[in-house]
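The values are calculated or read from the model by the stated rules, or taken from the named source; none is laboratory data. Quantities reported herein were computed from a predicted structural model and do not represent experimental measurements. Cβ placement follows ideal geometry from the backbone for every residue including glycine, while neighbour counts extend to all protein chains displayed. Ligands, DNA and RNA are stripped out before the accessible areas are found, and what is left, the full protein with its side chains, is counted by its heavy atoms. Shrake-Rupley method; radii C 1.70, N 1.55, O 1.52, S 1.80 Å.
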Amino acid sequence: MESFYIKGGKKLNGEVEVSTSKNALLPILAGSIMCNGTVVLKNCSFYSDVNNMISILNSLGAGTKIENRDLIIQSDLASSYYINEEFTKKVRSSIFMLGPLLSRFKMAKVAYPGGCNIGTRPIDLHIKGLKALNVKIEEKHGYIYCDGRNMKAGIVHLDFPSVGATENLMMASVFLNGTTTIYNAAKEPEIKDLQNFLNAMGAKVYGAGTGTITVFGVDKLTSAEYCAIPDRIVAGTYLIATCMVGGNVKLTNCVAEHNMALILKLKQAGAKIKTSKNNIEIKISKRPKSISKIETQPYPGFPTDLQSQILTLQTISDGTSVIIENLFETRFKIFTELKKMGADISLHDRMAIVNGVEMLSGANVVAPDLRGGVGLVIAGLQADGYTTVNDIYHIDRGYYCLEDDLQKLGAEIKRIKQN
Ligand code: UD1
């Protein structure tokens, strides 16, 4: 078991490059199985979720190799449409494989997905959407059996703009004869990135980034080279970390537009933020002011994946803050760990009320999930004394070289092995 050992109190200064987006790479990796050739993913970031997704591709027969920072996927070798529980319990995004497998093999057998423990995370929207495309689905013995031999292009209306369901349905409809329209689609930048990737292979997908996505069926997808967008959640995490301890940090390889909801909040907290084409620079020297209300929403609203980090920032901000979590019902799990560090938080169902204290105190804490885990790392950077964050395998799912990046910025953090 590995942990992060952090000595708090150092300001963050310097420049760091943001990794390519986990949430863009996962559906792109799933979609690569539809390619009748080779996919090269440039500057791929090997988060543990990405590595697990690569193992899934290998289990289906696809060849993969890493050259420098690029991942090469030989998809034409894939021969299986069956993903067992050993793989799906490690990465929830295995559910994204339903659409691509149906496109490629007209059949899919996928064990129920695992992933971050942040709520019930149903998959009813994926199933309902696929049924609207005439896929026959049976759920039994822990598996989802899909028969897509009579799949038809059509209209899907999502009851909620689910990111994963939108991506799954885009990929399920790529080869369907005619036009498929997805209404109430999610608008996240990762959806647009998936559209760009699919189109780089020869698909005809339009409208991603708006609530309506149209897919015109094509016969095949061919080899392509693609680079996923920068990770807006990693970028956001580093911006919040800087606010937490003060300093002057420049992020390179990032898209400010993808982080506007956060940037506006951090400006309210007193940070000076400058943005240019691929960079964001943040400067803050005083204790941050509390942000009165933060409510998570689908994009372009405030992202749920930055809620734990901004909650952590509020624990040391000057004043009182209310945080409302609208997407995942159990995403306040760091509450008890932050309290161990001296935070003044009360929880009321999906709402947290935080009264900022001047300084947290170092403690031995446990990462409850991916974003909660990184929230605790940020807390440790500010806290008095030493903090140990345990169970960091959660954090490794979505942060690649976190300690290297933070060390580069001046933080005292190291990875240690615990027995
Ligand atoms: C994706 C992101 C995740 C992020 C989330 C919301 C990836 C790999 N993961 O997850 O990091 O936190 O978007 O921005 O991109 N829902 C249903 N039925 C379904 C599907 C979803 O009720 O079939 C509900 C969920 O329980 C949740 C909400 O819809 O309350 C949003 O989920 P969704 O957008 O699907 O998130 P994911 O794709 O799982």
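Being in contact with a helix residue (DSSP H, G or I) (Cβ under 8 Å, 6 or more places away or on another chain) and part of a strand (DSSP E or B) is the filter; apply it to region 389-419 and report the residue that is most open to solvent (accessible area, probe 1.4 Å).
In this case the residue turns out to be 414.
For the subset of region 115-157 comprising residues that are within 24 Å of the chain's Cα centre (by Cα), open to solvent by less than 30 Å² (accessible area, probe 1.4 Å) and among the small types (Gly, Ala, Ser), which member is modelled with the highest pLDDT?
129
Considering only residues that are hydrophobic (A, V, I, L, M, F, W, C) and in contact with a Pro (Cβ under 7 Å, 6 or more places away or on another chain), which ones fall in region 1-52?
From region 1-52, those hydrophobic (A, V, I, L, M, F, W, C) are 1, 4, 6, 12, 16, 18, 24-26, 28-30, 33-35, 39-41, 44, 46, 50; that's our starting set.
The answer is 18, 30, 33, 34.
Kindly indicate the residue of region 166-187 that is in a loop (DSSP other than H, G, I, E, B) and closer than 14 Å to residue 154 by Cα and also nearest to the ligand (Cβ to nearest atom) among those meeting that condition. First the steps, then the outcome.
As a first pass, look at region 166-187 and keep what is in a loop (DSSP other than H, G, I, E, B): 173-178, 184-187.
Imposing the further condition that a residue be closer than 14 Å to residue 154 by Cα reduces the set to 173-178.
Working: 173: 17, 174: 19, 175: 22, 176: 21, 177: 26, 178: 25 Å.
That would be 173.
Could you tell me whether residue 49 is open to solvent by 40 Å² or more (accessible area, probe 1.4 Å) and either part of a strand (DSSP E or B) or not assigned by TED's automatic domain parsing to the domain that holds residue 245 (or both)?
Answer is no for this residue.
Determine which single condition residue 96 fails, assuming it passes every other condition in (1) within 16 Å of the ligand (Cβ to nearest atom); (2) farther than 23 Å from residue 219 by Cβ; (3) modelled with pLDDT under 95.
For residue 96, the exception is condition (2).
Please go through region 169-221 and pick out each residue that is β-branched (Val, Ile, Thr) and open to solvent by less than 60 Å² (accessible area, probe 1.4 Å).
Result: 174, 180, 181, 182, 191, 205, 212, 213, 214, 215, 218.
Residue-by-condition table, conditions (1) open to solvent by 40 Å² or more (accessible area, probe 1.4 Å); (2) touching a residue at least 12 places away in the same chain (Cβ under 8 Å); (3) out of contact with any helix residue (DSSP H, G or I) (no Cβ under 7 Å at 6 or more places or on another chain); (4) within 15 Å of residue 58 (Cα to Cα):
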site: 69; (1), (2), (3), (4): yes, yes, yes, no
site: 74; (1), (2), (3), (4): yes, yes, yes, yes
site: 87; (1), (2), (3), (4): no, yes, no, yes
site: 91; (1), (2), (3), (4): no, yes, no, yes
site: 96; (1), (2), (3), (4): no, yes, no, no
site: 99; (1), (2), (3), (4): no, yes, no, no
site: 102; (1), (2), (3), (4): no, yes, no, no
site: 111; (1), (2), (3), (4): no, yes, no, no
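Just to be sure I understand, how many residues within region 1-46 are open to solvent by 10 Å² or more (accessible area, probe 1.4 Å), assigned to a strand (DSSP E or B) and within 23 Å of residue 281 (Cβ to Cβ)?
Kept after step one, since they are open to solvent by 10 Å² or more (accessible area, probe 1.4 Å), are these residues of region 1-46: 1-2, 5, 7-11, 13-15, 17, 19, 22-23, 36, 38, 40, 42-43, 46.
Subsequent filtering for residues that are assigned to a strand (DSSP E or B) retains 2, 5, 7, 13-15, 17, 38, 40, 42.
Then drop every residue that is not within 23 Å of residue 281 (Cβ to Cβ), which leaves 13-15, 17.
Result for region 1-46: 4.
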